[in-house]
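*Asks:* Let me give you the structure first, and then I'll get to my questions.
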Amino acid sequence: MKSVEQHIEDCLGLVAVPQPTEIDLNHAHGTVLAERIASPVSLPGFDNSAMDGYAVRAEDVAAASPEVPVRLAVVADIPAGDPTPVAVRPGMCARIMTGAPMPDGADAVVPVEWTDGDTVRVTIDRPARPGNAVRRAGDDVAEGTVVLEPGSRIGAGEMGVLAAVGRRSVPAHPKPRVVVLSTGEELVEPGRPLGPGQIWESNSFMIAAAARDAGCEVYRHGFVGDDPRTVMDTLEGLLLRADVVVTTGGVSMGAHDVVKEVLSRQGVQFTQVAVQPGKPQGYGTIGPDKTPIITLPGNPVSAFVSFQVFVRPVLLKLRGLEAEPLPERRARLTGPVTSPPGRRSYLRAELSGPAADGRSTVTPVRRQGSHQLSVLAGSNALVVVPEDTTELPAGTDVEVRVLPGT
Ligand SMILES: Nc1nc2c(c(=O)[nH]1)N[C@H]1C(S)=C(S)[C@@H](COP(=O)(O)OP(=O)(O)OC[C@H]3O[C@@H](n4cnc5c(N)ncnc54)[C@H](O)[C@@H]3O)O[C@H]1N2
Ligand code: MOO
Ligand SMILES: [Mg+2]
């Protein structure tokens with residue numbers, strides 16, 4: 001049987017690290033930045049008010065109190081965005097709004113709540129220190145500072161930063177487009193009635209969600225039956241939409257294992273990998289553009305685990321990220337586990353902690369069958385049992401892989 005490492009390497013070999021493209025900010029969310037971004041400006045770009053109130057000379061109001069309030073002449077009104085130059089001399093002030101530029105001569109802002117709010121001659125009953133409620137130019141970002149490094153995933157915060165430093169577009173790796181297709185004559189769309197021997201189709205929903213969790217744009221085509229012509233025609237029709245195709249089902253030893261049947265003829269390699277679950281696997285390219293395709297087994301848990309182990313690194317590579325495996329943790333097993341000889345097991349499990357002693361514990365779920373899908377809903381991790389190990393007692397310190405979204 002082929003090793004897990006070899007199969008990961010073969011799948012990664014299907015794709016090259018993409019060239020970045022210039023992506024408009026409107027489409028940049030979820031992409032990965034390809035270059036360092038330095039700010040061409042300081043942020044804030046000018047000293048401005050942090051509050052709605054009055055821009056004053058702090059020395060003028062230093063002695064203000066409810067008993068002895070200070071009265072100042074209001075010489076200007078400065079809304080945010082006002083370009084008119086304003087100067088505040090002793091005994092004067094300017095009404096100012098949050099975000100508006102500080103007038104010359106003023107060094108503090110008195111919030112409107114400390115005043116009577118008058119727009120001609122304002123009465124102030126509390127002192128303000130120099131710098132009060134003033135946001136200094138550059139106190140967020142100094143001009144020329146690097147705000148984002150290459151490899152940054154552009155999430156909501158990064159989007160805000162890019163726009164704030166004036167970027168309209170960025171060199172980035174777009175989200176890979178993943179097409180998901182399931183196969184099986186027994187499958188029925190959820191929501192439709194089941195006939196005898198039929199089941200509701202779940203893999204395409206699950207794998208599409210996992211691919212989205214991995215940062216991809218997903219087209220879930222759904223499923224087709226086990227007719228070779230239909231499978232091939234459907235795949236060919238989907239290639240235009242795909243940077244990678246992921247299928248489930250039809251790759252084992254069955255008389256109707258259609259994916260294996262039609263894609264073997266196209267040069268896709270089908271092998272048995274020393275893993276549990278997820279033994280039957282296929283990988284290769286199809287169509288005129290040699291679109292990468294990874295064919296996962298149909299058993300739902302096998303499809304899920306093999307997506308995380310074999311497909312996810314490929315998608316990360318296509319995003320311009322390190323093609324790393326799921327994040328690793330160490331944890332103590334709360335109960336014994338078994339594993340078939342010569343195969344690496346990925347047991348569905350619940351990881352807890354770390355506790356006060358700094359240690360985490362992990363509890364493999366009781367039902368480990370590759371059709372026992374329900375346990376995936378409560379699992380946040382996979383316990384890895386090495387190929388040369390067939391049993392581990394409770395208390396063993398084990399390798400755990402943390403599942404996305406947890
Ligand atoms: N004689 C052998 N039989 C099997 C072997 C073997 O080595 N020799 N391997 C077993 C293993 S391991 C796996 S895993 C499965 C892989 O099966 P296929 O990839 O061929 O998948 P199917 O036969 O199409 O389906 C298997 C199973 O999964 C259910 N299924 C499939 N697709 C979906 C879907 N989209 N949604 C929900 N459930 C799905 C299907 O109904 C079957 O129960 O083969 C073993 N057999
Ligand atoms: O690998 Mo199958 O994936 O054992 O059920
Ligand atoms: Mg089969």
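All of the numbers you see were taken from the coordinates with simple rules; none came from a lab. Because the structure is a prediction, the values reported are computed rather than measured. Cβ placement follows ideal geometry from the backbone for every residue including glycine, while neighbour counts extend to all protein chains displayed.
*Asks:* Can you give the calculated 222 nm mean residue ellipticity of the chain, where each DSSP H run of n ≥ 4 adds -39,500 (n - 2.57) and the sum is split over every residue, rounded to the nearest 500 deg cm²/dmol?
*Replies:* Numbers: 8 runs with 65 residues, N = 406.
After summing the helix terms and dividing by residue count, I get -4500 deg cm²/dmol.
*Asks:* Note down the net charge around Gly335, summing +1 for each Lys or Arg and -1 for each Asp or Glu among other residues with Cβ under 15 Å from its Cβ. Intermediate results must be reported in sequence, preceding the final value.
*Replies:* Working: positive: Arg332, Arg348, Arg366, Arg367; negative: Glu350, Glu391, Asp397.
Every neighbour counted, the sum reads +1.
*Asks:* Any chance you could list the semi-axes, whole Å, largest first, of the equivalent ellipsoid that the Cα gyration tensor gives for the stretch 62-155, using √(5λ)?
*Replies:* Details: eigenvalues 225, 45, 28 Å².
Here the semi-axes work out to 34, 15, 12 Å.
*Asks:* Still on this structure: Taking amide hydrogens as modeled 1.01 Å from N in the peptide plane, which residues meet the under 5 Å criterion relative to Gly250, leaving out close sequence neighbours?
*Replies:* Gly298
*Asks:* Multiplying the sequence separation of Glu328 and Glu391 by 0.36 nm and subtracting their Cα-Cα distance, what value in nm do you get? Before the final figure, lay out the partial values.
*Replies:* Working: separation 63, 0.36 × 63 = 22.68 nm, distance 2.06 nm.
In short, 20.6 nm is gained.
*Asks:* List the residues whose amide H sits under 5 Å from the amide H of Gly105, counting only those 5 or more places along or on another chain, with H placed 1.01 Å from N in the peptide plane.
*Replies:* Excluding prolines and chain starts, which carry no amide H, the hits are Val88.
*Asks:* For the stretch 87-129, what relative contact order do you get, as a whole percent, if you take Cα pairs closer than 8 Å and at least 6 residues apart?
*Replies:* Once divided by the residue count of the stretch 87-129, the mean separation gives 31 percent.
*Asks:* Would you kindly derive the ³J(HN,Hα) couplings of the stretch 269-275 from the backbone phi angles with the Karplus curve 6.51 cos²θ - 1.76 cosθ + 1.60 (θ = phi - 60°), listing them in order in whole Hz, with x for Gly and Pro?
*Replies:* Once θ is set to phi - 60°, the couplings for the stretch 269-275 become 8, 10, 9, 10, 9, 6, 9 Hz.
*Asks:* A further question follows. Which whole-Hz couplings ³J(HN,Hα) result when phi for each residue of the stretch 347-361 is put into the Karplus expression 6.51 cos²θ - 1.76 cosθ + 1.60, θ = phi - 60°, listed in order with x for Gly and Pro?
*Replies:* Going residue by residue, I get 8, 5, 8, 10, 9, 10, x, x, 7, 4, 7, x, 9, 9, 10 Hz, with x marking Gly and Pro.
*Asks:* Considering only the chain, what is the antiparallel percent among its DSSP beta bridges, to the nearest 5? Intermediate results must be reported in sequence, preceding the final value.
*Replies:* Details: 54 of 83 bridges.
Bridges in the chain that DSSP calls antiparallel: roughly 65 percent.
*Asks:* Over the chain, what relative contact order in percent results from Cα pairs under 8 Å that are six or more residues apart? Walk me through the numbers before you get to the answer.
*Replies:* Details: 967 pairs, mean separation 65.9, N = 406.
Averaging sequence separation for qualifying contacts and normalising by length gives 16 percent for the chain.
*Asks:* May I pose another question? Normalised by the residues of the stretch 30-169, what does the relative contact order come to in percent, with Cα pairs under 8 Å and at least six apart? Write down the numbers at each step before the final one.
*Replies:* Values: 331 pairs, mean separation 55.7, N = 140.
Relative contact order of the stretch 30-169: 40 percent.
*Asks:* Amide H of Glu143: which non-local residues (sequence gap of 5 or more, or other chain) have their own amide H closer than 5 Å, using H built in the peptide plane?
*Replies:* Under 5 Å from the amide H of Glu143 lie the amide H atoms of Ser42, Leu43, each far enough along the sequence or on another chain.
*Asks:* Nearest 0.05, what FRET efficiency do Arg89 and Asp213 give at R0 = 51 Å with Cβ-Cβ as r? Mind showing how you got there, number by number?
*Replies:* On the way: r = 61 Å, r/R0 = 1.19.
For Arg89 and Asp213, the calculated efficiency is 0.25.
*Asks:* Ratio to report: Rg/Rh of the chain, with Cα atoms as the point set and Rh obtained by the Kirkwood method; give two decimals. Walk me through the numbers on the way to the answer.
*Replies:* On the way: Rg = 30.9 Å, Rh = 25.7 Å.
When Rh is taken as the Kirkwood radius, the ratio is 1.20.
*Asks:* Still on this model: I need the phi-derived Karplus couplings for the stretch 100-107: 6.51 cos²θ - 1.76 cosθ + 1.60, θ = phi - 60°, integer Hz, Gly and Pro marked x.
*Replies:* Going residue by residue, I get 7, x, 5, x, 4, x, 7, 10 Hz, with x marking Gly and Pro.
*Asks:* Modelled label-to-label distance, Gln198 and Asn380, 7 Å Cα→beta-carbon offset: nm?
*Replies:* 3.8 nm
*Asks:* Next up: Listed highest first by mean packing, meaning other Cβ atoms within 10 Å per residue, what order do 83-89, 327-333 come in? Kindly include the intermediate steps, with their values, before the conclusion.
*Replies:* On the way: 83-89: 13.4, 327-333: 16.0.
My ranking of the peptides, most packed first, is 327-333, 83-89.
*Asks:* Ok, one more. Which semi-axis lengths, in whole Å and largest first, follow from the square roots of five times the eigenvalues of the Cα gyration tensor of the stretch 1-128?
*Replies:* On the way: eigenvalues 661, 54, 26 Å².
In descending order the semi-axes read 57, 16, 11 Å.
*Asks:* Compare the peptides 236-248, 361-373 by average per-residue count of other Cβ atoms within 10 angstrom and give them in order, highest first.
*Replies:* Details: 236-248: 20.2, 361-373: 16.8.
So the peptides 236-248, 361-373, ranked by packing, come out 236-248, 361-373.
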